[in-house]
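Only one structure is covered here, and it is reproduced in the block below.
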Amino acid sequence: MHKHITLGHGSGGKLTSDLVKGIFASAFGMNGPLTDSAITGARGEEVAFTTDSYVVDPIFFPGGDIGKLAVCGTVNDLAVAGAVPLSLAASFIIEEGFETGKLETIAGSMAAACLEAGVKIVTGDTKVVEKGKCDEVFITTTGIGLVRPEYRDIGTGRMVAPGDILIVSGPLGNHSIAVTAARKQLSFVTDIVSDCAPLNKMIGRLLDAGAGIRFMRDLTRGGLATVLNELAEMTGFDIYLEEPKIPVDEPVKGVCEMLGFDPLYLANEGKILLVVSQTDATGAIGILRSDPYGKNASVAGHIKDTRGKTVEMKTAAGGTRILNQLSGVQLPRIC
């Protein structure tokens, strides 16, 4: 354990995992897989319960802003836990001197995202701190949703079996590159926008269809490679990917090559990884591609029958690459 917190502890990768397990999970008595939402009981019903803080820089970026991001991120965390999102709470830490016009825009974005997702913000809190004690505005959103009983373990990896198919719901890296372009004022990046979106209705259609889904996770901090490493650790199985089948838009590829980023580790705010049975893969792909947020879904690999907890990728050049868990940080404050 490091003696001091670094930006890498917020990457969503190995340092984040070490921090959460070594300090928080240990102190709070959290046992078992650490999923995006906790499953807890309420009057005979099981509910998913999640919370997340948003510190994105800049707060406005192509395709969204911190408000839309806060709603979509929490809604998606509930949806990939097999829950129907119901209500959100929103807490604001606002820097003295922040323009009220900007706050109105952010609140409007949150309202629009809630309307699309079919949820409501029902409570919240506001704090104002002295100028220089916060970077414009930070938002924390908390959400609850009713769990579909048959999918209560969908985030734990317990249902995953050898031969299961990996599906990525769309192109990777757009959110990270859009935010980076806005932050660094990269004028040559003109057509890349964040994929920030509420995915609960698309996911609901998959679950309603009984599409043989064994595992779901949204591909936020740490990206696809980090989620796959977490899945390998959960299940004990090796995982096999094929790079040519992993969707990445050409403009994103170009910026990644120029700036030295790896799209497999970049954060997304509107993409999920699905693990489905072999017999249900075609049906799941069809449902995804019928939705605007999943129209470019692709089969990316499968679960192997060997137990080594390794994520192996066949590269576009025909070689083999081992994808390790993200150990540092590519882009801080991306969400």
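The values are calculated or read from the model by the stated rules, or taken from the named source; none is laboratory data. Not measured: the values here are computed from a predicted model. Positions of Cβ are backbone-derived with ideal geometry, glycine not excepted, and every protein chain shown enters the neighbour counts.
Taken together, T40, T50, T6, T105 contain a single residue that is polar (S, T, N, Q) and in contact with a helix residue (DSSP H, G or I) (Cβ under 6 Å, 6 or more places away or on another chain), which is T50. Tell me yes or no: at least one residue of region 276-292 is over 19 Å from I239 (Cβ atoms), acidic (D, E) and touching a residue at least 60 places away in the same chain (Cβ under 8 Å). There is at least one residue in region 276-292 that is over 19 Å from I239 (Cβ atoms), acidic (D, E) and touching a residue at least 60 places away in the same chain (Cβ under 8 Å). Of the strands (runs of 3 or more DSSP E) lying entirely inside region 116-216, those carrying at least 2 residues that are of a type in the set (V, I, T) and buried (at least 20 other Cβ atoms within 10 Å of the Cβ) are 137-147, 165-168.
Considering region 311-335, and only residues there that are touching a Ser or Thr at 6+ places or on another chain (Cβ under 9 Å), modelled with pLDDT of 95 or more and surrounded by 20 or more Cβ atoms within 10 Å (Cβ to Cβ), the residue that is farthest from I165 (Cα to Cα) turns out to be L323. Pull up region 76-89, narrow it to residues that are buried (at least 24 other Cβ atoms within 10 Å of the Cβ) and aliphatic (A, V, I, L, M), then point me to the one that is farthest from L219 (Cα to Cα). So, considering only residues that are buried (at least 24 other Cβ atoms within 10 Å of the Cβ) and aliphatic (A, V, I, L, M), the one farthest from L219 (Cα to Cα) is L88. Please go through region 15-47 and pick out each residue that is surrounded by 18 or more Cβ atoms within 10 Å (Cβ to Cβ) and under 16 Å from the mean Cα position of the chain (by Cα). Hits for region 15-47 are T16, S17, T35, D36, S37. Would you be able to say whether some residue in region 283-302 is within 30 Å of T190 (Cα to Cα), among the charged types (D, E, K, R) and surrounded by 19 or more Cβ atoms within 10 Å (Cβ to Cβ)? Taking every residue of region 283-302 in turn, none turns out to be within 30 Å of T190 (Cα to Cα), among the charged types (D, E, K, R) and surrounded by 19 or more Cβ atoms within 10 Å (Cβ to Cβ).
For region 24-41, the set of residues classified as modelled with pLDDT of 85 or more and either touching a Ser or Thr at 6+ places or on another chain (Cβ under 6 Å) or of a type in the set (A, V, I, L, M) (or both) consists of A27, S37, A38, I39, listed by residue number.
Of the residues L331, L266, L231, L326, the single one that is under 23 Å from N76 (Cα atoms) and touching a strand residue (DSSP E or B) at 6+ places or on another chain (Cβ under 7 Å) is L231.
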